[in-house]
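Okay, structure first, notes after.
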Amino acid sequence: MRIDVVTLFPEMFEPVLGASITGRARTRGLLELGTVNPRDFAADRHRTVDDRPFGGGAGMVLMAEPLHRAIKSVRRPGSRVVCLTPRGPRFDAAAARRLAREEHLVLVCGRYEGLDERVLRLCDEEVSIGDFVLTGGELPAMMVADAVARLIPGVLKKADAAACESFEGGLLEHPHYTRPRVWRGRKVPEALLSGDHERIAEWRRCAARRVTRRRRPDLLKTST
């Protein structure tokens, strides 16, 4: 898979997506990451990409033409263009799985008060990471890229690792424990030490439902 990010701050991405699992995926050729800066497509020597909004109001708005040119420079047949914006549908595990099936994603990062509405005709969808506002779409784009990249076949060491995590099957993930068996008086559940795979699986299923019922009961409505 290839992911291209349209952003005014391309330098933000390498420290995050060049490390750990995503970094190794790139080294192994499973993931390609590129960035394109709308300033490189500005029409004046000052590389202006924003202007005051018609109708007045606080803040500045990203201009349509530099964004249009930046998106067009990386979009190709079969690309899926996703705009990161607070007003989009909530990004979730199902969206990550869907986007992971694409061969090429273009993630468009807004800034300031947002972007000119007319450029959204180039986007296939809008996505939000939650009901709050950030200074720009870069952090959401990193989150989407990370969530999608780990679902690419071969990125995780164990093929079924992603299928056992929170939100898969409508439940939060079961608790995890590691050595020592007793830590500050708290013991690892006996079932996990039994060596009985069926018993362990049953414990984990029950524990996942308990955790979900306690912390996210809304998820149980969709898992039953």
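The values are calculated or read from the model by the stated rules, or taken from the named source; none is laboratory data. Computed from a prediction, not measured in an experiment: that's the story for all the values here. No Cβ is skipped: glycine too gets one built from the backbone with ideal geometry, and neighbour counts run over all protein chains shown.
Take region 130-152 and flag every residue that is among the hydroxyl-bearing types (Ser, Thr, Tyr) and modelled with pLDDT of 95 or more. It would help to see each step written out before you state the result.
Pass one, region 130-152, residues among the hydroxyl-bearing types (Ser, Thr, Tyr): 135.
Residues satisfying the conditions do not exist here.
Could you check region 2-25 and list, in sequence order, the residues that are in a helix (DSSP H, G or I) and crowded, with 21+ Cβ neighbours inside 10 Å? Step through it out loud before you land on a result.
Within region 2-25, the first condition is being in a helix (DSSP H, G or I), and the residues that meet it are 10-12, 14-17, 20-25.
Selection gives LEU17, THR22, ALA25.
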One residue is enough: does region 66-79 have a residue meeting the conditions outside any helix (DSSP H, G or I), within 14 Å of MET1 (Cα to Cα) and within 16 Å of the chain's Cα centre (by Cα)? no
Considering residues that are loosely packed, with under 15 Cβ neighbours inside 10 Å and part of a loop (DSSP other than H, G, I, E, B), the number found within region 92-112 is 3
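Taking the stated definitions as given, is GLY29 under 20 Å from the mean Cα position of the chain (by Cα) and in a loop (DSSP other than H, G, I, E, B)? Show your work before the answer.
Numbers: under 20 Å from the mean Cα position of the chain (by Cα): yes; in a loop (DSSP other than H, G, I, E, B): yes.
Yes: the conditions hold for GLY29.
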Has region 131-140 got at least one residue that is surrounded by 21 or more Cβ atoms within 10 Å (Cβ to Cβ), assigned by TED's automatic domain parsing to the domain that holds MET12 and of a type in the set (A, V, I, L, M)? no
Count of residues meeting criterion [touching a residue at least 24 places away in the same chain (Cβ under 8 Å), on the phi < 0 side of the Ramachandran plot and more than 13 Å from the chain's Cα centre (by Cα)] in region 91-133: 18
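Determine whether region 35-43 contains at least one residue that is in contact with a strand residue (DSSP E or B) (Cβ under 9 Å, 6 or more places away or on another chain), aliphatic (A, V, I, L, M) and in the same structural domain as ARG121 (by TED's automatic domain parsing).
Taking region 35-43 as the starting set, the residues that turn out to be in contact with a strand residue (DSSP E or B) (Cβ under 9 Å, 6 or more places away or on another chain) are 35-38.
This time we only want the ones that are aliphatic (A, V, I, L, M), so: 36.
Still in the running and in the same structural domain as ARG121 (by TED's automatic domain parsing): 36.
The answer is yes; a qualifying residue exists.
Pick from ARG76, ARG118, ARG47: which is at pLDDT 95 or above, surrounded by fewer than 17 Cβ atoms within 10 Å (Cβ to Cβ), farther than 18 Å from VAL144 by Cα and touching an Asp or Glu at 6+ places or on another chain (Cβ under 8 Å)? I'd like the intermediate steps shown before the answer.
On the way: ARG76 fails: touching an Asp or Glu at 6+ places or on another chain (Cβ under 8 Å); ARG118 fails: touching an Asp or Glu at 6+ places or on another chain (Cβ under 8 Å).
Answer to the check: ARG47.
Can you go through LEU171, LEU192 and tell me which one is surrounded by 14 or more Cβ atoms within 10 Å (Cβ to Cβ) and at pLDDT below 95? Steps first, please.
Details: LEU192 fails: at pLDDT below 95.
The match here is LEU171.
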